[in-house]
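The values are calculated or read from the model by the stated rules, or taken from the named source; none is laboratory data. Keep in mind the model is a prediction, meaning the values are calculated, not measured. With ideal geometry, Cβ positions are generated from the backbone for all residues, glycine too; neighbour counts draw on all protein chains shown. Side chains are part of the model used for accessible areas, which takes the heavy atoms of the whole protein and leaves out ligands, DNA and RNA. Shrake-Rupley method; radii C 1.70, N 1.55, O 1.52, S 1.80 Å.
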Amino acid sequence: MKNLIFPGGYYIIALYPSILPFFIVTTSSSETLLRVSAIAFRRQGVTILDAVDLTLRHEEIITLIGPNGAGKSTLLKIALGLLTPDTGEVWRASGVRIGYVPQKLDINPALPLTVRRFITLSTAASTHEIENALTATGIPFLINASVHTLSGGEWQRVLLARALLCKPALLFLDEPAQGLDVSGQDAIYALIRRIRDTTGCGILLVSHDLHLVMASSNRVLCLNRHICCTGRPEEIRHDPAYLSLFGGANIQNLAVYQHRHDHEHPLCDHEHHHPPSRSQHE
């Protein structure tokens, strides 16, 4: 898989990354990285997105939530430049580097591929850089492991390590914790927060894991083909549009998850094991 270079001079690093001081992105904390304005997108006469606006800044995590078919992945791809909207504009900061983790990534099970080799398929990196990236995501011991033997959580960490090698200032993560149980999801979202805190990058995240991801976000955007509501997590969970979309009585029973930082997240203990292949869900 190769890096894609778009006319504006920004880069899309297919997949997603890790942390560590040498990954720090030098941008202003108030700098706008992405602005999506009045986006509409239709396919075969069906409206997928209508009048969608979004602004993402440095050191900010915005989470897109919504039911299946709400247009979340479509909006992500439009923001990336992989899809062209019917109307509206997408602006990205000049020269910004972008890391992207798609929902689905298939690797032929007959292809012998180690973690080391996989990480360098589209990005030239020294052994030292690879080891630092894997250490940052907590899996340095997997450098020579086959990608086909990884658990779901290990695979996500490999993808994260690979993307940060290129020092992206903007990360797009499409369902990064799918296929993991609550413990695995908690570990991945803690890692994503750490990426934001350590590198200062902006992150646009698609998720269905409401009770976990809400606490990881600076802002939540509730999408159902249009923007139903947006705001801080503690505000959005009481919004009538949010309650209507996700079922008022049931969603009220889900507290906004508050992550504790006084413990570690061991790998493999509670994660479902899957080959590195992800199903495509909107």
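What number of residues within segment 42-91 are of a type in the set (S, T, N, Q) and in a loop (DSSP other than H, G, I, E, B)? Walk me through how you get there before you give the answer.
To start, the set of residues in segment 42-91 that are of a type in the set (S, T, N, Q) comprises 44, 47, 55, 63, 68, 73-74, 84, 87.
Subset that is in a loop (DSSP other than H, G, I, E, B): 44, 68, 84.
Residues in segment 42-91 being of a type in the set (S, T, N, Q) and in a loop (DSSP other than H, G, I, E, B): 3 in total.
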Determine which member of the set Leu171, Leu159 is touching a strand residue (DSSP E or B) at 6+ places or on another chain (Cβ under 7 Å) and either at pLDDT below 90 or part of a loop (DSSP other than H, G, I, E, B) (or both).
-> Leu159
Residue that is farthest from Leu80 (Cα to Cα) [pool: residues in segment 18-45 that are among the aliphatic types (A, V, I, L, M) and at pLDDT below 95] | Leu20
Would you point out which residue out of Ser94, Ser122 is assigned to a loop (DSSP other than H, G, I, E, B), of a type in the set (Ser, Thr, Tyr) and modelled with pLDDT under 90?
-> Ser122
Across segment 94-109, which residue is surrounded by the fewest Cβ atoms within 10 Å (Cβ to Cβ) among those that are over 26 Å from Thr199 (Cα atoms) and touching a residue at least 60 places away in the same chain (Cβ under 8 Å)?
-> Asp106
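Just checking, does segment 233-249 include any residue being at pLDDT below 70, part of a helix (DSSP H, G or I) and over 23 Å from Gly71 (Cα atoms)? Can you show your working first?
Taking segment 233-249 as the starting set, the residues that turn out to be at pLDDT below 70 are 248-249.
Now narrow it down to the ones that are part of a helix (DSSP H, G or I): 248-249.
Now drop any that are not over 23 Å from Gly71 (Cα atoms), which leaves 249.
Checked against the condition, which is being at pLDDT below 70, part of a helix (DSSP H, G or I) and over 23 Å from Gly71 (Cα atoms), segment 233-249 yields at least one hit.
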Yes/no for Thr198 being open to solvent by 40 Å² or more (accessible area, probe 1.4 Å), over 13 Å from the mean Cα position of the chain (by Cα) and within 30 Å of Leu223 (Cα to Cα) = yes
Six or more apart or on different chains, Cβ under 8 Å: which pairs go from a residue in segment 221-246 that's closer than 22 Å to Ala38 by Cβ and free of Cβ contacts under 8 Å to residues at least 12 places away in the same chain to one that's in a strand (DSSP E or B) and not β-branched (Val, Ile, Thr)? Could you list them?
-> Thr230/Arg219; Thr230/Leu221; Thr230/Cys222
Of (1) under 19 Å from Val158 (Cβ atoms); (2) part of a loop (DSSP other than H, G, I, E, B); (3) at pLDDT 90 or above, Arg225 satisfies every one except (1)
Inside segment 132-164, can you point out the residues that are open to solvent by 10 Å² or more (accessible area, probe 1.4 Å) and of a type in the set (D, E, K, R)?
-> Glu154, Arg157
Cβ-Cβ under 8 Å pairs, at least 6 apart or on other chains, segment 110-127 side surrounded by 17 or more Cβ atoms within 10 Å (Cβ to Cβ), far side among the charged types (D, E, K, R) and part of a loop (DSSP other than H, G, I, E, B) = none
